[in-house]
Amino acid sequence: MMWPFDGDSGGVLALYLATLAVHAVFASYVVAGSAYALVRRDATAHAVRTRLPFMLGCAITAGVAPLLFVQLLHQRRFYTAHLLLGPRALAIVPALIVGFYALYLAKASDRWHRAALASALACFMFVAWSWSELHELMQADPEWSAFYAAGDRFYTDAQLAPRLVVLAGAMATIFAAVAAWFAAERRPLAIVALAGRAVSVAGALWLWHAGFTVDGPARGWLDLLAAAAVIDSIAWLVVAWRDQPSALMVATAAGAAALLAAVVVREAPRVALIEPAHGPSGGVIAFAIAVVLGAAAIAWVIRAIAPSRRR
Amino acid sequence: MVPHYPVNDFGPVMKGMVIGGVGIVHVFLAQFAIGGGLLLWYFERLAQRGVPDARRFVDGFFQVLVLVSFVLGALTGVAIWFTTIQVGARTIGLMIDEFHWLWATEWVCFSVEVVAGYAFVRFKAQLDDRSRLRLLALYAVAAWLSLFFINGILSWQLTPGTPPGEGRVWAGFFNASFWPSLLYRTCVAMALAALAACIVINTMDLDRDRRAALIRRASRFAAPIAAMPLLALWYLAVIPEDSRGWLLGGSMPMLMFVGIAAASSLLVGGYAIVALIVRRLYVNGATATLLLALAFGATAAGEFVREGARKPYTVRGALYSTSIAPNEVAALRASGATADDPYPLRDAARYPNGQLARGAKVYRALCDACHTMHGANAVVELSHTWTDDQLRLNIAKLQHTKSFMPPFAGNADDVEAIAQLIEWERAGAPHAWSEHAASPEIARWLDEAGIR
């Protein structure tokens with residue numbers, strides 16, 4: 001089995017990373033889509049605005065799975081960081097509720113849609129920031145005790161800001177890749193995707209400068225990420241220049257590869273910290289059956305609504 | 001070694017109130033969503049059989065369901081996870097360890113529910129009859145299955161059957177209280193949906209006769225509420241004897257909450273069956289809202305009872321409410337409750353001596369999960385009539401002082417330290433306070449109390 005899936009918890013890690021990637025697609029659409037709909041007035045912006053509540057629903061639903069699996073891989077660290085941030089971590093939920101209703105308001109009201117989108121965007125940025133802090137704090141066990149004693153609620157690690165820059169750029173590119181499939185005019189989205197890549201690369205360099213390194217077997221995933229990002233950028237250039245569907249296909253495939261490699265690279269420093277498996281647990285067959293039946297049910301739903309979508 | 005997590009202080013608010021508040025709202029909304037799915041399928045069938053206005057109701061009701069349940073319901077579900085981490089990290093960790101694959105299965109059901117729900121909301125007007133009915137059936141089944149799975153995990157906390165960690169997940173899942181709890185919750189879900197439907201119907205732009213016709217249909221959906229008393233008795237019969245005794249008179253507050261849950265359910269059920277189903281009376285929006293509020297009260301009281309019945313455990317036999325396992329108490333009696341606690345006090349400077357600071361750490365480790373110092377369920381208030389010796393005796397023999405308390409998981413010095421802390425707080429937290437050695441009697445009381 002390939003690293004990092006060769007350990008005892010390889011299966012759970014694979015599920016964690018796969019579901020995290022799916023969550024990232026929807027979350028990126030919501031965050032970058034809110035920003036796009038806020039600043040642009042074209043038909044794509046309007047279409048994006050109407051889809052945002054649905055996409056946030058999907059993002060939250062998809063986010064439950066990695067939230068479950070991270071509690072198996074890093075239970076002690078996750079709970080500790082969550083407790084250390086305390087009310088800050090709890091504030092994620094009301095922020096999402098406000099953001100959710102703001103998206104519905106943005107969809108329903110032409111008069112209030114900009115204010116609603118700005119509010120929603122602020123809520124989602126707070127969530128992204130809090131979650132990145134949690135991610136950093138989970139790995140900072142030597143600092144936990146002093147952090148707690150000081151009563152701090154904000155963890156300002158040197159890698160936090162560059163991590164958010166990488167995330168912002170990646171979200172823009174992922175959003176563009178999804179939105180482009182439904183857009184009549186793709187050039188603006190190609191520019192968003194390319195700008196996102198540039199921001200990600202700048203953020204990655206900053207992150208590296210701040211001490212984030214990738215060594216050993218994780219290096220192969222970083223190489224894959226770099227290669228996929230280069231291919232994806234070239235494909236987006238073609239989309240911007242000539243708007244070829246085949247180029248969009250390549251951009252999407254390369255973007256998907258980049259996303260998968262990125263979640264592995266993001267996880268690389270934590271792989272050595274994965275806790276031993278927590279004893280025997282049954283029900284995996286039930287889960288496997290549920291996944292098959294659930295996928296079939298979702299496929300049926302898509303098929304059932306397909307004629308309506310074409311109309 | 002007992003794993004230690006950092007502890008947050010919620011001020012005068014008892015932690016149980018935080019998780020209880022979030023939990024009650026979530027349970028109410030989730031059960032409304034589950035019943036709503038079944039109700040919508042029923043009304044869609046009526047619509048396709050020619051019942052006037054039924055389709056208008058389906059489309060309008062689903063909009064409410066999406067706005068309330070898909071947003072608040074889904075996010076309060078995440079909130080429960082977060083608040084449980086804040087209140088009892090070891091408890092949620094144990095449940096995840098034991099049931100993660102079934103929890104993941106529940107997530108698949110939830111995903112299907114969300115996809116089917118959104119697909120219906122977005123494309124309902126364009127779908128043919130067969131697709132509408134099937135989509136609603138899928139939504140209803142997926143929603144109910146999510147209840148099926150989460151019910152097994154939650155009921156396991158009170159009646160686990162087999163010890164956790166042995167891999168006998170299904171034996172734990174289909175525990176003694178699984179079926180009565182599942183059926184009871186299903187009836188509640190249907191009743192909540194019927195009451196919410198009456199409110200929505202009253203907002204529809206129809207004349208009174210047409211609204212009355214829809215209300216009569218919706219009322220029928222509340223009929224399973226008649227089975228709830230029997231299901232409640234079944235539930236009471238299968239829970240542990242001490243929990244049952246505790247609910248039925250052993251504790252006045254618990255008995256009161258049982259009474260509130262039963263009386264509220266009786267009023268809602270009685271109105272639904274006698275007034276709406278038998279006498280076919282009309283229910284206006286205000287009355288329906290009042291009935292739904294009463295149902296919320298019943299849900300709140302019922303959840304309080306369910307949580308309270310587990311005491312002194314969060315997972316019966318496996319984990320005390322202090323997040324200490326029964327088999328860890330002996331070691332903590334020897335080493336002291338906080339010997340391995342790596343987290344210093346946030347307010348260490350407040351305490352005039354080391355013994356009080358130790359008492360504060362013991363309080364944080366053993367009391368803070370259920371008590372506050374001066375707010376809700378305050379230890380200072382609960383013990384203010386106790387003499388000095390009685391205070392130490394009652395703490396040392398905690399599980400005998402009150403049957404719903406866990407054994408004291410510390411040594412004699414810990415007992416003295418926390419007794420000093422309580423006396424110091426009672427005295428108004430003065431700047432000077434002298435230390436006192438633990439008397440040999442405390443060690444004897446601890447030995448007499450035992451570790452179970």
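The values are calculated or read from the model by the stated rules, or taken from the named source; none is laboratory data. Predicted, not measured: the structure shown is a model, and the values here were computed from it. Cβ placement follows ideal geometry from the backbone for every residue including glycine, while neighbour counts extend to all protein chains displayed. When the accessible area is computed, the model is the full protein with side chains, heavy atoms only, and any ligands, DNA or RNA have been set aside. Shrake-Rupley method; radii C 1.70, N 1.55, O 1.52, S 1.80 Å.
Would you compute the Debye intensity of region A:49-101 from its alpha-carbon atoms alone, equal scatterers and no solvent, and pass along log10 I(q)/I(0) at q = 0.14, 0.17, 0.23 Å⁻¹ to two decimals?
Computed log10 I(q)/I(0) values: -0.47, -0.66, -0.96.
What is the helix-to-structure angle for B:228-238, meaning the angle in degrees between its Cα long axis and the longest Cα principal axis of chain B, kept from 0 to 90 and rounded to the nearest 10?
30
Semi-axes, largest first, in whole Å: what does sqrt of 5 times each Cα gyration tensor eigenvalue give for chain B?
Square roots of five times the eigenvalues give 49, 22, 20 Å.
Measure off 7 Å from each Cα along the Cα-to-Cβ vector at B:ARG279 and B:ALA237, then give the distance between these two points in nanometres to one decimal.
Result: 3.3 nm between the two label points.
Compute for the protein assembly as shown: radius of gyration divided by Kirkwood radius, i.e. Rg/Rh, restricted to C-alpha atoms, rounded to two decimals.
On the Cα set of the protein assembly as shown, Rg over Rh gives 0.99.
Once amide H atoms are built 1.01 Å from N in the peptide plane, which residues 5 or more positions from B:ALA378, or in another chain, come under 5 Å H to H?
Sorted by chain and number, the residues that satisfy this are B:THR372.
If I fit a long axis through the Cα atoms of helix B:285-308 and take the longest principal axis of the Cα atoms of chain B, what angle between them do I get, 0 to 90°, rounded to 10?
The angle comes out near 40 degrees.
With a 1.4 Å probe and all protein chains left in place, how much accessible area per residue does region A:1-151 have, in Å²?
35
Would you mind getting the Kirkwood hydrodynamic radius of region B:37-124 from its Cα pairs, rounded to one decimal in Å?
15.2
For B:TYR320, which sequence-distant residues (separation of 5 or more, or a different chain) have an amide H within less than 5 Å of its own amide H, given hydrogens modelled in the peptide plane?
Amide H to amide H, under 5 Å and 5 or more residues apart or across chains, B:TYR320 pairs with B:THR314, B:ALA325.
Using only the Cα atoms of region B:361-426, build the gyration tensor, take square roots of its eigenvalues as a ≥ b ≥ c, and label the shape rounded, prolate or oblate: rounded if a/c is under 1.5, else prolate if a/b is larger than b/c, else oblate.
Verdict is rounded for region B:361-426.
With each run of n ≥ 4 DSSP H residues scored as -39500 (n - 2.57), what mean residue ellipticity at 222 nm is computed for chain A after dividing by its residue count and rounding to the nearest 500 deg cm²/dmol?
The per-residue figure over chain A is -28000 deg cm²/dmol.
Let me know the shape class of region A:1-94, please: from the alpha-carbon gyration tensor, a ≥ b ≥ c as square roots of the eigenvalues, rounded when a/c is under 1.5, otherwise prolate if a/b is greater than b/c, or oblate.
Judged from the Cα gyration tensor, region A:1-94 comes out oblate (a/c at least 1.5, b/c at or above a/b).
When only C-alpha pairs under 8 Å and at least 6 residues apart count, what is the relative contact order of chain A, in percent?
Once divided by the residue count of chain A, the mean separation gives 20 percent.
When chain A is modelled as a GNM with alpha-carbon springs shorter than 10 Å, which of A:ARG197, A:ARG77, A:ARG111 fluctuates the most?
Largest GNM mean-square fluctuation: A:ARG111.
Would you mind computing, in nm to one decimal, how far apart the modelled labels at A:ASP243 and A:MET2 are, each placed 7 Å from Cα along Cα→Cβ?
Taking the two extended label points, one gets 3.6 nm.
Roll a 1.4 Å probe over the protein chains and send me the accessible area per residue for region B:43-119 in Å².
25
Please state the shape class of chain A: rounded when a/c is under 1.5, otherwise prolate if a/b exceeds b/c and oblate if not, all from the C-alpha gyration tensor.
Judged from the Cα gyration tensor, chain A comes out rounded (a/c under 1.5).
Only protein chains counted, 1.4 angstrom probe. Which residues of region B:94-142 are at least 50 Å² less accessible in the assembly than when their chain is isolated?
Buried by 50 Å² or more upon assembly, which counts only protein chains, are B:ILE96, B:ASP97, B:HIS100, B:TRP101, B:TRP107, B:VAL108, B:VAL115, B:TYR118, B:PHE123, B:GLN126.
Per-residue HN-Hα couplings for region A:268-275, Karplus 6.51 cos²θ - 1.76 cosθ + 1.60 at θ = phi - 60°, whole Hz, x for Gly and Pro?
Karplus values, whole Hz, x for Gly and Pro: 3, x, 9, 4, 5, 8, 4, 6.
At 7 Å along Cα-to-Cβ for each site, give me the label-to-label distance between A:ARG153 and A:ARG219 in nm.
4.4
Kindly compute the accessible surface that chains A and B hide from a 1.4 Å probe when together, both sides summed, and give it to the nearest 100 Å².
5600
Count charges around B:THR338 for me, please; just the other residues with Cβ under 14 Å from its Cβ, Lys/Arg as +1, Asp/Glu as -1.
Neighbourhood net charge equals -3.
Can you compute 3J(HN,Hα) from phi for each residue in region B:79-93, using the Karplus curve 6.51 cos²θ - 1.76 cosθ + 1.60 with θ = phi - 60°, rounded to whole Hz and x for Gly and Pro?
Calculated HN-Hα couplings, in order: 4, 4, 4, 5, 5, 5, 4, 5, 8, x, 4, 5, 5, 5, x Hz.
Tell me the carbon and sulfur percent of the accessible area for the protein assembly as shown, rounded to whole percent, probe radius 1.4 Å.
66
In degrees between 0 and 90, to the nearest 10, how far off the longest principal axis of chain A does helix A:75-85 point, with axes built from Cα atoms?
Here the helix axis deviates by roughly 80 degrees.
Taking the Cβ-Cβ separation of B:ALA443 and B:ALA376 as r and a Förster radius of 25 Å, what is the calculated FRET efficiency to the nearest 0.05?
Efficiency, rounded to the nearest 0.05: 0.20.
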